[in-house]
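Below you'll find the structure, written out as structure tokens, and then a few comments.
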Amino acid sequence: MMGKDLIDRKLRYCLWLVDIKPEELNKMPLVRKRVEAVREFRLASKNQATQRKDDRPTLFDERVESPDNYIAVPVVSSASLREPYSKPLGDGIFELRTQFSSDIARVLYFFIINNRAVLTHGFIKKTQKTPPEEINRAKRYRKDYLQRSV
């Protein structure tokens with residue numbers, strides 16, 4: 001996912017089809033159609049390196065994946081990021097705001113030197129307002145972080 005896609009809330013899907021068998025792919029006509037489109041795109045490319053990859057349309061050019069869960073934070077974000085993506089909660093604590101399916105997820109954070117953000121924790125929001133205990137937890141984590149950083 002590109003940073004701009006994340007900020008613009010564009011949905012992107014990634015299918016890892018590394019070991020898929022042709023008979024499995026044939027059972028999924030929409031996926032098979034997309035794989036064929038990738039093959040045709042590669043063949044039509046002016047770049048010879050891209051053309052040579054037409055025989056493996058189920059594979060990405062690069063395979064970059066994390067074995068762990070992760071949070072996507074756009075490199076182009078800054079302390080000036082505002083609603084609907086980020087919201088100041090007071091006392092230097094901010095929340096990153098996103099929605100996954102029907103869940104409203106939040107990650108609280110604060111800034112340190114050179115506008116570097118430290119993510120404190122995340123949670124699924126169940127109420128309209130950010131619960132005070134979540135804000136207080138972020139403040140405790142910030143205090144702990146700053147004490148250890150001295």
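Where a number appears in this text, it was derived from the coordinates with a stated rule and is not lab data. Not measured: the values here are computed from a predicted model. Positions of Cβ are backbone-derived with ideal geometry, glycine not excepted, and every protein chain shown enters the neighbour counts.
Computed over the range 86-148, the alpha-carbon pair-distance distribution with 5 angstrom bins reads 4, 18, 31, 25, 12, 7, 2, 0, each value a whole percent. Measuring nothing but how far apart in sequence close Cα pairs (under 8 Å, 6+ apart) lie, relative to its length, the range 86-148 scores a relative contact order of 24 percent.
For ARG116 and GLU36, the FRET efficiency from 1/(1 + (r/R0)^6), where r spans their Cβ atoms and R0 equals 35 Å, is about 0.20.
For the pair the range 134-150 and the range 29-44, the centres of their Cα atoms are 50 angstrom apart.
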